[in-house]
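The structure appears below as structure tokens.
The values are calculated or read from the model by the stated rules, or taken from the named source; none is laboratory data. Here the structure is a predicted model, which is why all the values come from computation and not from measurement. Positions of Cβ are generated from backbone atoms using ideal geometry, with glycine treated the same way; all protein chains shown enter the neighbour counts.
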Amino acid sequence: MKEMILEYIRNEYLDDEDDEDIELDENTPLISSGIVDSFSMVSLKRFLENKCDVSLPDDEATPEAFDSVKSILHLVQKHQKG
């Protein structure tokens with residue numbers, strides 16, 4: 001799941017120039033670095049809900065929860081069934 005999220009972020013939010021300048025891994029700040037903005041966060045939430053068959057409560061889908069792939073994974077895993 002981690003690689004799927006990293007790939008989505010690379011494809012959707014980074015262009016070729018950014019890709020060379022930014023080392024993207026599970027601890028890279030996404031919101032605080034400007035890679036993901038509030039609009040992008042909504043599309044990322046929708047992507048996660050569809051791909052992972054999970055419902056992420058709006059009150060938990062905060063900038064803090066979406067500031068790294070590691071924190072996103074924690075949020076998704078918390079709400080996955082089973």
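When you look at residue 12, is it surrounded by 12 or more Cβ atoms within 10 Å (Cβ to Cβ) and part of a loop (DSSP other than H, G, I, E, B), yes or no?
On the way: surrounded by 12 or more Cβ atoms within 10 Å (Cβ to Cβ): yes; part of a loop (DSSP other than H, G, I, E, B): no.
It is false that residue 12 is surrounded by 12 or more Cβ atoms within 10 Å (Cβ to Cβ) and part of a loop (DSSP other than H, G, I, E, B).
Can you run down the residue pairs with Cβ atoms below 7 Å, 6 or more apart or on separate chains, where the first is in segment 57-71 and at negative phi and the partner is among the small types (Gly, Ala, Ser) and at pLDDT below 95?
Final answer for the pair search is 67/32.
Quick one: in segment 62-72, which of the residues that are more than 8 Å from the chain's Cα centre (by Cα) and surrounded by 13 or more Cβ atoms within 10 Å (Cβ to Cβ) is farthest from residue 6 (Cα to Cα)?
That would be 62.
Within the group 17, 49, which residue is loosely packed, with under 11 Cβ neighbours inside 10 Å, in a helix (DSSP H, G or I) and either among the acidic types (Asp, Glu) or touching a residue at least 12 places away in the same chain (Cβ under 8 Å) (or both)?
Of the residues listed, the single one that is loosely packed, with under 11 Cβ neighbours inside 10 Å, in a helix (DSSP H, G or I) and either among the acidic types (Asp, Glu) or touching a residue at least 12 places away in the same chain (Cβ under 8 Å) (or both) is 17.
Quick grid of which residues meet (1) of a type in the set (Asp, Glu); (2) in contact with a Leu (Cβ under 7 Å, 6 or more places away or on another chain); (3) farther than 13 Å from residue 67 by Cβ:
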position	(1), (2), (3)
9	no, yes, no
23	yes, no, yes
28	no, no, no
31	no, no, no
37	yes, no, no
41	no, no, no
44	no, no, no
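In this structure, is residue 35 touching a residue at least 24 places away in the same chain (Cβ under 8 Å) and either over 10 Å from the mean Cα position of the chain (by Cα) or assigned to a loop (DSSP other than H, G, I, E, B) (or both)?
Details: touching a residue at least 24 places away in the same chain (Cβ under 8 Å): yes; either over 10 Å from the mean Cα position of the chain (by Cα) or assigned to a loop (DSSP other than H, G, I, E, B) (or both): yes.
In short, yes.
Would segment 41-61 turn up any residue that is over 16 Å from residue 2 (Cβ atoms) and under 9 Å from the mean Cα position of the chain (by Cα)? Walk me through how you get there before you give the answer.
First, pick out the residues of segment 41-61 that are over 16 Å from residue 2 (Cβ atoms): 41-43, 45-46, 49-50, 53, 55-61.
Now restrict to residues that are under 9 Å from the mean Cα position of the chain (by Cα): 41, 45.
Among the residues of segment 41-61, at least one is over 16 Å from residue 2 (Cβ atoms) and under 9 Å from the mean Cα position of the chain (by Cα), which makes the answer yes.
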